[in-house]
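Have a look at the structure below, then the notes.
The values are calculated or read from the model by the stated rules, or taken from the named source; none is laboratory data. Worth saying up front: this structure is predicted, and the values here are computed from it rather than measured. Here the Cβ positions follow ideal geometry from the backbone for every residue, glycine too, while neighbour counts run over all protein chains shown.
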Amino acid sequence: TLMMIDSLDMKSSDVKKIVAKCKKSKHKRIVITHGTDTMTNTAEAIAKEKLDKTIILTGALIPYEFGSSSDGFFNLGCALSFVQTFEKGVYITMHGKYFNWNEVKKNKKKGVFEKK
């Protein structure tokens, strides 16, 4: 675990730590669990590095505290599956769907991630 903070409390130094960890990792396939409010910002920062890796960010729109109705485990399962088969790049996956990092936005009103 690199950090456990609310994504709304993330600072640029936190994003830099995530990017640095991705760069240093010997692994070519990486899954990052991340708060949904700033997930696209972190994905953009990672993508700018043009790493030779497949990196997928995922999270939960329904927090774990809500028990079995949380979508976090499903999203993590999708991310673990997708990361094994996707081409190199940075992606976001939520609710069984995946998006290129620069083609997705969070729709807070609907409570979903959707194509821009």
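Of the strands (runs of 3 or more DSSP E) lying entirely inside the range 17-116, those containing at least 3 residues that are more than 18 Å from Thr1 (Cβ to Cβ) and touching a residue at least 60 places away in the same chain (Cβ under 8 Å) span 104-107. Being of a type in the set (Lys, Arg) and surrounded by 14 or more Cβ atoms within 10 Å (Cβ to Cβ), is that true of even one residue in the range 41-59? Scanning the range 41-59, I find at least one residue that is of a type in the set (Lys, Arg) and surrounded by 14 or more Cβ atoms within 10 Å (Cβ to Cβ), so the answer is yes. Counting only residues that are farther than 18 Å from Lys110 by Cα and at pLDDT below 95, which one in the range 35-65 is farthest from the chain's Cα centre (by Cα)? Here the answer is Glu65.
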